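> The structure under discussion is supplied below as structure tokens; questions concerning it will follow.
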Amino acid sequence: MSGEYSEQGSILVVDDNQNNVQVLFNFLTESGFKVLVARNGQSAINKAEYSLPDLILLDVIMPGMDGFETCQRLKASEATKDIPVIFMTALADTENKVKGFNAGAVDYITKPFQQDEVLARVRTHLSIRKLTKKLHSQNELLQQEIAEREKLALELERRVEERTAELTCANQRLTEEINERQQAEETLQRSLLELQQTQTQLIQSEKMSALGQLVAGVAHEINNPVNFIYGNLSHVGDYISDLLNILNLYRRTYPNPEQKIVEEVEEIDLEFLMEDLPKILISMQVGADRIREIVLSLRRFSHQDDSEMKLNNIHEGIDSTLMILHNRLKFKHDRPSIEVIKEYCPNLPQVECYGGELNQVFMNILANAIDAIDEYNKERTLEQIKLNPSQIRIRTEVIGNNQVAIRIADNGLGMNSDVSRRVFNPFFTTKPPGKGTGIGLSISRQIIVEKHYGSLECISTPGKGTEFAITIPIEPNYYTVFEKLTNQNINSKFLHCNIRQAI
């Protein structure tokens with residue numbers, strides 16, 4: 001079918017009516033055309049500029065931006081101005097036809113559709129489009145030939161001038177050699193950077209795979225026995241309640257038991273047992289609930305199915321990471337516990353992201369914050385720590401219409417400007433040998449910038465702590481993403497991979 005597509009051409013169908021879209025999609029596809037679909041004017045403009053179809057079938061009446069305005073904007077764009085537009089409408093009066101032609105349309109198709117008429121008009125205008133392209137191509141070839149002849153004339157003139165100005169030519173060659181060496185150095189630097197990025201990506205991939213498998217395996221192994229215990233606790237409670245009721249009934253019915261029973265009752269302290277046993281069951285229920293919460297947090301953190309972007313709850317990801325780091329936050333013999341202050345946005349929407357990798361970013365930043373606080377506390381006495389308690393503040397907010405921000409700040413020692421500028425460099429670390437690899441923050445920035453099309457910034461002041469500000473789109477606009485990644489000169493292999501996934 002791909003061969004037929006290349007011969008027949010591609011068509012963008014723009015209609016907010018699902019039935020109309022389905023009808024056109026089916027019979028145009030069966031007729032050998034490649035069909036793209038848009039439901040509104042803005043989407044049509046984005047898809048047309050990105051995919052450059054050979055023809056656009058445009059509905060006139062749509063919510064928001066109607067067909068006339070959409071057509072005018074398509075014709076105003078340098079990228080789409082030459083794409084023929086055929087209006088689809090039930091409005092057959094002369095005024096609307098004139099309005100459509102003034103907007104830039106080449107033809108009309110009236111509703112309800114007649115397949116033979118649609119195919120005839122589509123093929124006619126595609127043929128015109130092909131002939132126009134051919135004429136344009138021939139014109140370009142002619143212009144190229146003229147340019148080449150002019151270039152040849154200039155070359156002959158340049159050669160004459162070179163013979164009379166050998167010194168100038170030698171100087172130019174020397175300049176070119178210097179430029180080539182500079183380009184070679186720049187190429188080498190880019191290759192080194194790409195190699196470092198590849199190394200960190202491989203390390204991250206292996207680390208995330210091993211961590212995810214470990215966390216998922218532990219969660220799975222714990223989950224089965226916990227569910228067994230949790231599911232039976234309610235039954236045990238009912239059974240014990242029934243037994244206690246029977247025991248009380250016996251005591252009321254037979255108030256004067258045998259001496260042996262009286263002695264056994266006193267020996268086991270039956271009254272205390274009857275009072276304490278329900279409390280023990282409640283404690284077991286609380287413990288089972290706690291273990292289930294931990295298992296759920298482990299599962300949320302691992303996100304083993306993160307092969308594509310999905311809607312995720314950012315707050316749940318942060319909470320699951322904090323649950324895993326709970327042991328490092330709690331009270332220790334040499335310092336009080338680290339207080340975590342959550343300033344969560346109450347209406348934070350779900351974000352389309354790779355949940356597991358985003359949790360890894362939270363893990364790296366929070367672990368670094370704990371390390372920074374621990375290092376700071378080594379320089380302080382217990383009284384000083386109590387006067388200025390160790391804190392990690394996490395704040396989330398919505399920015400504009402399509403972005404969320406996550407700010408993670410600690411009140412540790414902080415960093416000077418030179419260190420804060422280098423924290424995202426691969427293999428750069430301020431930790432002693434053996435305690436840090438220097439790839440955590442570098443990988444975190446790649447995850448945020450290159451995979452989530454956001455930003456990760458470090459704001460730090462010596463003596464006042466450090467804040468990491470994460471900003472990511474709620475739902476990526478892939479056309480904008482393509483421009484952004486291209487402008488940032490991201491590694492071409494990675495760029496193509498991401499854009500292919502996005503499309």
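> Filtering the stretch 344-384 down to residues that are more than 23 Å from the chain's Cα centre (by Cα) and of a type in the set (V, I, T), which residue is modelled with the lowest pLDDT?
In the first step, residues of the stretch 344-384 are kept if they are more than 23 Å from the chain's Cα centre (by Cα); the result is 369-384.
Filter once more, so that each one left must be of a type in the set (V, I, T): 370, 373, 381.
Values: I370: 90, I373: 89, T381: 85.
Ranking the qualifying residues of the stretch 344-384, first place goes to T381.
> Kindly evaluate A165 against the criterion of being over 30 Å from S10 (Cα atoms) and among the small types (G, A, S). Explain how you work it out, then say what you get.
On the way: over 30 Å from S10 (Cα atoms): yes; among the small types (G, A, S): yes.
Here the answer is yes, as A165 does meet what is asked.
> Return the residues of the stretch 81-100 that are surrounded by 14 or more Cβ atoms within 10 Å (Cβ to Cβ), more than 42 Å from the chain's Cα centre (by Cα) and either part of a helix (DSSP H, G or I) or among the basic types (K, R) (or both); say none if nothing qualifies.
Within the stretch 81-100, N96, K97, K99 meet the criteria.
> Please work out which one of (1) modelled with pLDDT under 65; (2) under 30 Å from R445 (Cβ atoms); (3) surrounded by 12 or more Cβ atoms within 10 Å (Cβ to Cβ) is the condition H220 fails and give its number.
Status for H220: all satisfied but (2).
> For residues that are of a type in the set (A, V, I, L, M, F, W, C) and surrounded by fewer than 15 Cβ atoms within 10 Å (Cβ to Cβ), scanning just the stretch 67-80, find the one that is farthest from L119 (Cα to Cα).
Taking the stretch 67-80 and keeping what is of a type in the set (A, V, I, L, M, F, W, C), we get 68, 71, 74, 76, 79.
Pick out the ones that are also surrounded by fewer than 15 Cβ atoms within 10 Å (Cβ to Cβ) and you get 76, 79.
Values: A76: 27, A79: 26 Å.
Step by step, filter the stretch 67-80, then rank; the result is A76.
> Give, as residue ranges, the helices (runs of 4 or more DSSP H) completely inside the stretch 299-401 that count at least 1 residues that are open to solvent by less than 30 Å² (accessible area, probe 1.4 Å) and over 17 Å from I470 (Cβ atoms). Spell out the reasoning first.
On the way: elements: 314-324, 326-329, 355-378, 382-387.
Where helices (runs of 4 or more DSSP H) fall fully within the stretch 299-401 and carry at least 1 residues being open to solvent by less than 30 Å² (accessible area, probe 1.4 Å) and over 17 Å from I470 (Cβ atoms), they are 326-329, 355-378, 382-387.
> Search the stretch 251-275 for residues that are at positive phi and pair each with any residue that is surrounded by fewer than 11 Cβ atoms within 10 Å (Cβ to Cβ) and in a helix (DSSP H, G or I) when their beta-carbon atoms are under 6 Å apart and the residues are at least 6 apart or on different chains.
Once the first residue is at positive phi and sits in the stretch 251-275, no partner that is surrounded by fewer than 11 Cβ atoms within 10 Å (Cβ to Cβ) and in a helix (DSSP H, G or I) comes close enough.
> Go through the stretch 101-130 residue by residue and tally those that are of a type in the set (A, V, I, L, M), open to solvent by 30 Å² or more (accessible area, probe 1.4 Å), under 13 Å from I83 (Cα atoms) and part of a helix (DSSP H, G or I).
Pass one, the stretch 101-130, residues of a type in the set (A, V, I, L, M): 103, 105-106, 109, 118-120, 122, 126, 128.
Next, from what is left, pick out any that are open to solvent by 30 Å² or more (accessible area, probe 1.4 Å): 106, 120, 128.
Still in the list and also under 13 Å from I83 (Cα atoms): 106, 128.
Now restrict to residues that are part of a helix (DSSP H, G or I): 128.
Number satisfying all stated conditions: 1.
> A follow-up question, please. Give the number of residues within the stretch 436-471 that are assigned to a loop (DSSP other than H, G, I, E, B), β-branched (V, I, T) and open to solvent by 20 Å² or more (accessible area, probe 1.4 Å). I'd like the intermediate steps shown before the answer.
Within the stretch 436-471, the subset assigned to a loop (DSSP other than H, G, I, E, B) is 436-439, 452-454, 462-464.
From the residues that got through so far, the ones that are β-branched (V, I, T) too are 437, 439.
Keeping just the survivors that are open to solvent by 20 Å² or more (accessible area, probe 1.4 Å) gives 437.
The total comes to 1.
> Taking Y254 as the residue in question, decide whether it is out of contact with any strand residue (DSSP E or B) (no Cβ under 7 Å at 6 or more places or on another chain) and modelled with pLDDT of 80 or more. Step through it out loud before you land on a result.
Working: out of contact with any strand residue (DSSP E or B) (no Cβ under 7 Å at 6 or more places or on another chain): yes; modelled with pLDDT of 80 or more: yes.
Taking the combined requirement at face value, the residue satisfies it.
> State which residue pairs qualify: first residue acidic (D, E) and inside the stretch 374-386, second residue assigned to a helix (DSSP H, G or I) in any location, beta carbons under 9 Å apart, and separation of 6 or more residues or different chains.
Correct list of pairs: D374/R328.
> Restricting to the stretch 246-260, give me the number of residues that are assigned to a helix (DSSP H, G or I) and open to solvent by less than 90 Å² (accessible area, probe 1.4 Å). Let's see the steps before the verdict.
Taking the stretch 246-260 as the starting set, the residues that turn out to be assigned to a helix (DSSP H, G or I) are 246-253, 259-260.
Keeping just the survivors that are open to solvent by less than 90 Å² (accessible area, probe 1.4 Å) gives 246-249, 253.
Result for the stretch 246-260: 5.
> When only residues in the stretch 402-417 that are touching a residue at least 60 places away in the same chain (Cβ under 8 Å) and aliphatic (A, V, I, L, M) count, which is surrounded by the fewest Cβ atoms within 10 Å (Cβ to Cβ)? Outline the logic, then answer.
Let us first name the residues in the stretch 402-417 that are touching a residue at least 60 places away in the same chain (Cβ under 8 Å), namely 402-408.
Checking which are aliphatic (A, V, I, L, M) leaves us with 404-406, 408.
Details: V404: 22, A405: 17, I406: 28, I408: 21.
Ranking the candidates gives A405 first.
> Just to check your reading of the model, which residue among E140, E148 is open to solvent by less than 100 Å² (accessible area, probe 1.4 Å) and without any contact (Cβ under 8 Å) to a residue 60 or more places away in the chain?
On the way: E148 fails: open to solvent by less than 100 Å² (accessible area, probe 1.4 Å).
Answer to the selection: E140.
> I'd like to verify a number: residues in the stretch 19-73 that are in a strand (DSSP E or B) and more than 26 Å from the chain's Cα centre (by Cα), how many?
Residues flagged as in a strand (DSSP E or B) and more than 26 Å from the chain's Cα centre (by Cα) within the stretch 19-73 amount to 7.
The values are calculated or read from the model by the stated rules, or taken from the named source; none is laboratory data. Just so you know, these numbers come straight off a predicted model, no measurement behind them. Here Cβ is always computed from backbone atoms with ideal geometry, including for glycine, and neighbour counts include all displayed protein chains. Areas reflect the complete protein model, heavy atoms only, side chains present, ligands, DNA and RNA absent. Shrake-Rupley method; radii C 1.70, N 1.55, O 1.52, S 1.80 Å.
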